[in-house]
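For reference, the structure discussed in these notes is given below.
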Amino acid sequence: MSDAQIGRRALLRGAGGLAALAALPSLAACGTGTSRAAAGGKGGGKTVVVRDSGGSYGAALQKAIYTPFTQETGIQVKVLNLDDAPLLAQIKQGRPQCDLINNSMMSHYKYVKQDALEALDLDRVKSVKSAKIPENQITDHAVGSSFYGACMAYRTDAFGGRKPESWADFWDTKAFQGGRSMCNPDGDLPELEFALLADGVPMDKLYPLDVDRAFKVLTQLRGDIKKFWDSGPLPGVLLSRQEVTMSTVWDGRIADLQKQGVPVERQLNGMRRQFQGYAIAKGAANIDAAYQLMDFSLRAESQAALAKAFPSNPSSPLAYAKLTEDERNALAGAPKYYDKGFDADVDWWLKNESAVTKRWLEWARG
């Protein structure tokens, strides 16, 4: 889901790839992405440039966040759709094109290692407290605004009325027959946690991941995995064509499939959450405006507005109360579902992603 889910191919690479940027030749700070200005506003000539991934997610941000922000403050919002490598190169040269960065929290951690983000003055982001952003999503350099969940999707017409309830059922190809699909590292982090949950590891005991055990369990399913997906739409395509009966998927994709009449449902037990959020580029030209847009974006009402425009799961628990029951329960972050999932351990993955990815590629080829 490169448009809607922050370009995971670029954002979830190993930390080593970003470290190599220091050796890149100088890149001109030219328009690598696209930009657009929010309409309306009070004028005043002030501008803030924000990096997001564009597409349907960017369109939702424009509607729910950028345009209302301009109307309230008079500050024009310009948007840059740029991958990590050129943006980091710009920052290292001291001339970033953007001020505010909307990115995965894991990528923000990697940016910190490259000294590419400003240290935040949280006193300038009042909504962190007023929206009750969870403490584990507040760092010295970034604040989490929403999350996406990796979960299970299945065809409701495939199992004679039975419903898979766990990752153990995903692995049980006798009781729940049919092909499977899982992601490859170009799509998301390798799905080791799901294998361990299928093997009986309690959700609160997952980390540090037992990599050997996880690959042993993955191997049990290898022959039934018909395709490894690398983009958000692909699980839906495979399910729609009945090439598989179950697939891992980003939770926001299920509603789209159901609207198209595909008989699919999601199972949120054992969902893996990964957060995205905001940070300010080191050397940003419009820091004051960047703080103001960050503060506006993190408000509970702003997060709720975005959730109405796009299946984004707010980090603010107060945002869910501002949605209707139907709107709230359509989101994987709804209070009734939240305890069914777990947060990806960013620290563990930062240390181990490169080695796990290498092993995964060897395993998949084997």
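The values are calculated or read from the model by the stated rules, or taken from the named source; none is laboratory data. Not measured: the values here are computed from a predicted model. Side chains included, ligands, DNA and RNA excluded: accessible areas come from the protein's heavy atoms. Shrake-Rupley method; radii C 1.70, N 1.55, O 1.52, S 1.80 Å.
Points to keep in mind about this one:
- Per-residue ellipticity at 222 nm, computed for the chain from helices alone with -39500 (n - 2.57) per DSSP H run of at least four residues, works out to -9500 deg cm²/dmol.
- Placed amide H near Asn313: partners under 5 Å, 5+ positions off or other chain: Phe147
- Tilt relative to the chain, helix 211-221 - C-alpha long axis, 0 to 90 degrees, to 10: 60 degrees
- For the chain, alpha-carbon Rg relative to the globular expectation (2.2 N^0.38 Å, N residues): 0.99
- For region 219-278: rounded, prolate or oblate by the Cα gyration tensor [a/c cutoff 1.5]: oblate
- Helix axis angle, 346-365 relative to the chain longest principal axis, alpha carbon, degrees: 50 degrees
- Inter-part distance where region 198-268 and region 278-306 are each reduced to a Cα centre, Å: 33 Å
- Listed by chain and number, the aspartates and glutamates whose C-alpha is less than 19 Å from the C-alpha of Lys216, apart from same-chain residues fewer than 8 away, are Asp169, Asp172, Glu191, Glu193, Asp199, Asp224, Glu353, Glu362.
- For the options Arg51, Arg266, Arg124, a Gaussian network treatment of the chain with springs between C-alpha atoms closer than 10 Å singles out Arg124 as fluctuating the most.
- Build a GNM of the chain with springs between Cα atoms under 10 Å apart, and of Thr245, Thr173, Thr47 the one that fluctuates most is Thr173.
- Pairs over the 19 Å Cα-Cα cut-off, from the set Lys110/Lys351; Lys113/Lys282; Lys259/Lys336: Lys259/Lys336.
- Whole-number accessible area per residue in Å² for the chain, which is evaluated in the context of all protein chains at 1.4 Å: 42 Å²
- Between helix 300-309 and the chain: long-axis angle, C-alpha atoms, 0 to 90°, nearest 10: 60 degrees
- When the Gaussian network model of the chain links Cα atoms closer than 10 Å, the mean-square fluctuations of Phe147, Phe159, Phe69 top out at Phe159.
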